[in-house]
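S.K.: What follows is a structure written as structure tokens; I'll ask about it next.
The values are calculated or read from the model by the stated rules, or taken from the named source; none is laboratory data. Predicted model, so just to flag it, every value in this text is computed and none were measured. In this analysis, Cβ positions are derived from the backbone assuming ideal geometry, glycine residues included, and neighbour counts consider all displayed protein chains.
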Amino acid sequence: MTVLLDGTVLVCPNCDLRTFKRVQVAPGEGTAEFHHCPALGILAPLVPEGTLCKVEKHEREDYEGLDAGALTLDQTGRPIASVVTTRENGQDCAVFAPVAKVVV
Ligand SMILES: [Zn+2]
């Protein structure tokens, strides 16, 4: 007996990760599934298999100032501001904003 599971194969365009999730996502749609990508060195989104896209990290371009220590760094130590998924029908962006600090 073969059991067919309803779901989607999710892949990373930058590394060889391939996983199955029990959610229905059509190619070309975004997901909320992320993984620690060894190729990008940061948390990066997975996309449904068959999606024509690119996933890129963008370095923080402004002064680190008091945010140093609260920033997301890649495997080379560079501060990363966001990771952007660009598909033929749009973009998704995950921002790595440092959190506010309060001294009491
Ligand atoms: Zn990856």
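S.K.: Does T31 count as modelled with pLDDT of 90 or more and hydroxyl-bearing (S, T, Y)? Give the derivation first.
M.R.: Values: modelled with pLDDT of 90 or more: no; hydroxyl-bearing (S, T, Y): yes.
No: the conditions fail for T31.
S.K.: Out of all the residues in segment 86-104, which are acidic (D, E) and either assigned to a strand (DSSP E or B) or touching a His at 6+ places or on another chain (Cβ under 9 Å) (or both)? Before the answer, list the steps.
M.R.: Here is the first cut: in segment 86-104, the ones acidic (D, E) are 88, 92.
D92 - this is the single residue of segment 86-104 that is acidic (D, E) and either assigned to a strand (DSSP E or B) or touching a His at 6+ places or on another chain (Cβ under 9 Å) (or both).
S.K.: I've got another one for you. What's the number of the condition R60 fails, among (1) surrounded by fewer than 18 Cβ atoms within 10 Å (Cβ to Cβ); (2) among the charged types (D, E, K, R); (3) more than 12 Å from the ligand (Cβ to nearest atom)?
M.R.: The one condition R60 does not meet is (1).
S.K.: Continuing with the same structure: Can you name the residue in segment 15-45 that is surrounded by 17 or more Cβ atoms within 10 Å (Cβ to Cβ) and near the ligand (Cβ under 8 Å from one of its atoms) and, of all such residues, is nearest to V95 (Cα to Cα)?
M.R.: By that ranking, first place goes to A44.
S.K.: Take the residues in segment 1-14 that are within 16 Å of the ligand (Cβ to nearest atom) and farther than 18 Å from S82 by Cα; name whichever of them is surrounded by the most Cβ atoms within 10 Å (Cβ to Cβ).
M.R.: Going residue by residue through segment 1-14, those that are within 16 Å of the ligand (Cβ to nearest atom) are 9-14.
Now narrow it down to the ones that are farther than 18 Å from S82 by Cα: 9-11.
On the way: V9: 13, L10: 21, V11: 17.
Out of the qualifying residues, it is L10.
S.K.: Now a separate question. Restricting attention to segment 63-92, report how many residues are surrounded by 10 or more Cβ atoms within 10 Å (Cβ to Cβ) and within 19 Å of P38 (Cα to Cα).
M.R.: 13
S.K.: May I ask you to list pairs of residues, at least six apart or on different chains, whose Cβ atoms are under 7 Å apart, with the first in segment 16-41 being touching a residue at least 12 places away in the same chain (Cβ under 8 Å) and the second being part of a strand (DSSP E or B) and among the hydroxyl-bearing types (S, T, Y)?
M.R.: Listed by first residue and then by second, the contacts come to K21/T8; V23/T8; Q24/T8; V25/T8; G30/T85.
S.K.: Restricting to segment 24-62, name every residue that is more than 20 Å from A81 (Cβ to Cβ), of a type in the set (A, V, I, L, M, F, W, C) and in contact with a strand residue (DSSP E or B) (Cβ under 6 Å, 6 or more places away or on another chain).
M.R.: V25, L46, V47
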